[in-house]
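Encoded as structure tokens, the structure appears first; notes follow it.
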Amino acid sequence: MDLEKGEFIESMMNKPGVILKTCKIHFRDGSRIELIEFLSEFHAGAKQIDSSRIYNLGYHHVAFTVDNLEAAIETVIQLGGKRIGKTMLAGRNHSIHAIKANHVYMLDPFGNLLHLAQDIK
């Protein structure tokens, strides 16, 4: 498990001060599952719990690894979605369990949170 915080995660999610506990599970076939717990909304001294829909408890987002991140971003935008945060490069400096990849968070046309990533080989 990792504790994730700082400029990378804040910029990608457009959420200043966000702190996550993550567990990244890697399977032999190359597929991955990442489990996320938001810690920042419940830390001591928090003024209030963020009531925006995408940061509430329960379902958070769906993530896809894509071959061409820019093309995927453009497709989501053309279909009525929008980018939430910056495209960010993750590597071992972000998390010891991270796969080197570019990541972005977006809203799909229905308001669901998407996490798109393109692995860098």
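The numbers here are math on the coordinates, done by the rules we state, and not lab data. From a predicted model like this one, the values you see are computed outputs, not experimental measurements. Because the Cβ atoms are built from the backbone with ideal geometry, glycine has one as well, and the counts that use them run over all protein chains shown.
Each of residue 75 and residue 63 was given a label point 7 Å from its Cα along the Cα-to-Cβ line. The distance between the two points is 1.9 nm. Couplings 3J(HN,Hα) of the stretch 24-36, computed from phi: 9, 10, 10, 9, 4, 7, x, 6, 9, 10, 10, 9, 10 Hz, in residue order, whole Hz [Karplus 6.51 cos²θ - 1.76 cosθ + 1.60, θ = phi - 60°; x for Gly and Pro]. Going from the residue with the fewest nearby Cβ atoms within 10 Å to the one with the most, 61, 115, 26 rank 26, 61, 115.
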